[in-house]
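The values are calculated or read from the model by the stated rules, or taken from the named source; none is laboratory data. Being a predicted model, the structure only gives us computed values, none of them experimental. All Cβ positions, glycine included, derive from the backbone under ideal geometry; neighbour counts span all protein chains shown. Only protein heavy atoms, including side chains, enter the accessible area calculation; ligands, DNA and RNA are left aside. Shrake-Rupley method; radii C 1.70, N 1.55, O 1.52, S 1.80 Å.
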Amino acid sequence: MSKKGILLVNLGTPDSPQTSDVKKYLDQFLMDERVIDIPKLNRTLLVKGIIVPFRSPKTAKLYKEIWNENGSPLLYYSRLQAKMLQERLGEGYHVELAMRYQSPSIASALANLKAGLVESIQVIPMFPQYASASSGSVMQLVMELVSKWPTVPPISFVNSFHDNELMIKVFAENARKHQVESYDHVLFSFHGLPERQLLKCDHTGSYCLKSADCCQTLNDTNKFCYSAQGHDTARLIAAELNLAKDKYTVCFQSRLGKEPWVQPYTTDVLKKLAAEGKKRLLVFSPAFVADCLETLYEITVEYHEEFKALGGEHVQLVESLNDSPVFIEALAGMVK
Ligand SMILES: C=CC1=C(C)c2cc3[nH]c(cc4nc(cc5[nH]c(cc1n2)c(C)c5CCC(=O)O)C(CCC(=O)O)=C4C)c(C)c3C=C
Ligand SMILES: [Fe+2]
Ligand SMILES: [Fe+2]
């Protein structure tokens, strides 16, 4: 029986937390023209000459902190999600997992689908909100590779799933485990993105970042905007939890470089909340479908320490979607 091919693709992680592997990972990741979207010569000088040599040993130390007996949490949960989806979909489907950077590669996953004689391929970039640097990059590479096959199969892509009902329910359910009412404030801390990349998504050139509240509504002009989609995800989770508007803030973490990134920055929000006397924060990270360096270290360790140093008491991460059967149901619902 001919099967339908499903390809889940997440961002990627180093093969090990050793500096040499982190170097390889950062080099491949940051040399992507959609991630550091500047002319190639400048990107090469910046990435190979400055970021990779200086950042890799520091980043390797952070990876060592989150690495456990299962290896990288991002890869561990991604594999589990693919396995659970295969079990849920059954024999008519062939599910493969790939990482945009490092392993398992998109090329090897596509080769497995080809060898499995699948009749079609559906690609699900595992990023709820669309960004050129994440989902766009996955789509570009898959298209480049498949376009060279003698027989190009029917192929489709999930563009984003920022408002997926079941996903929203899992995030809300994970928060309820922490008694949301016991926190002074809730943060929806998304991975950051250079403002330049947001502006590129506005094909009219007259909407994005032209007003302070451009991302508060999703409309025809900003429907592919990472920030506007993030605000939508946050609004839906907040509605599910009956959170009043003044009880939560949308913010953006992990800025790299000196250029402006999407704002407000999570560190600035921590300072503001501490100055207001807030003591306990509950933090969602809804740009990710699995816990990773950004949630397990940046939020759980760095932001926790930073907030305590500012007079706060506790920063509690809401667990990501990880191995939630309801999230697998959400993925199954996206499959055609
Ligand atoms: C939401 C998805 C992601 C987008 C969009 C994204 C953009 C982006 N990221 C960097 C730089 C780094 N990101 C790093 C880690 C990292 N990024 C994502 C997701 C998105 N990045 C994830 C899931 C992770 C964690 C991976 C893991 O193994 O757990 C890192 C590495 C860590 C570090 O050195 O700080 C960098 C660097 C840029 C420049 C960017 C721009 C568009
Ligand atoms: Fe990133
Ligand atoms: Fe916007």
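Quick notes
- Subset of segment 280-336 (residues that are more than 30 Å from residue 4 (Cβ to Cβ), out of contact with any strand residue (DSSP E or B) (no Cβ under 6 Å at 6 or more places or on another chain) and among the hydrophobic types (A, V, I, L, M, F, W, C)): 293, 296, 301, 309, 310
- Selected residue (only one of 178, 185, 231, 203 is within 16 Å of ligand 3 (Cβ to nearest atom) and closer than 24 Å to residue 293 by Cα): 231
- Residue count for segment 260-285 under the criterion of being assigned to a helix (DSSP H, G or I) and not charged (D, E, K, R): the result is 7.
- Residue check for residue 159: assigned to a loop (DSSP other than H, G, I, E, B) and among the polar types (S, T, N, Q): yes
- The set of residues in segment 2-14 that are at negative phi and either touching a Lys or Arg at 6+ places or on another chain (Cβ under 8 Å) or part of a loop (DSSP other than H, G, I, E, B) (or both) comprises 2, 3, 4, 9, 10, 11, 13, 14.
- The combined condition, being more than 28 Å from residue 331 (Cβ to Cβ), surrounded by fewer than 18 Cβ atoms within 10 Å (Cβ to Cβ) and within 13 Å of ligand 1 (Cβ to nearest atom), is not fulfilled by residue 15.
- Qualifying residue in segment 172-183 (condition: at positive phi and open to solvent by 10 Å² or more (accessible area, probe 1.4 Å)): yes
- Against the criterion of being in contact (Cβ under 8 Å) with a residue 60 or more places away in the chain, open to solvent by 50 Å² or more (accessible area, probe 1.4 Å) and out of contact with any Leu (no Cβ under 7 Å at 6 or more places or on another chain), residue 61 does not qualify.
- Residue that is nearest to ligand 3 (Cβ to nearest atom) [pool: residues in segment 286-311 that are part of a helix (DSSP H, G or I) and closer than 29 Å to residue 208 by Cβ]: 294
- Any hit, segment 104-121, residues being surrounded by fewer than 18 Cβ atoms within 10 Å (Cβ to Cβ), free of Cβ contacts under 8 Å to residues at least 12 places away in the same chain and within 27 Å of residue 269 (Cα to Cα): no
- Exclusive hit being among the aliphatic types (A, V, I, L, M) and more than 19 Å from the chain's Cα centre (by Cα), set 326, 315, 289: 315
- Restricted to segment 181-195, and to residues there that are of a type outside the set (Gly, Ala, Ser) and more than 9 Å from ligand 1 (Cβ to nearest atom), the residue that is nearest to the chain's Cα centre (by Cα) is 188.
Conditions (1) at pLDDT 90 or above; (2) crowded, with 18+ Cβ neighbours inside 10 Å; (3) within 16 Å of ligand 2 (Cβ to nearest atom), marked per residue:
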site	(1), (2), (3)
198	yes, yes, yes
204	no, no, no
214	yes, yes, no
225	yes, yes, no
232	yes, yes, no
237	yes, yes, no
242	yes, no, no
252	yes, yes, yes
258	no, no, no
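- Test: residue in segment 217-236 that is away from ligand 1 (no atom under 16 Å from the Cβ) and in contact (Cβ under 8 Å) with a residue 24 or more places away in the chain: yes
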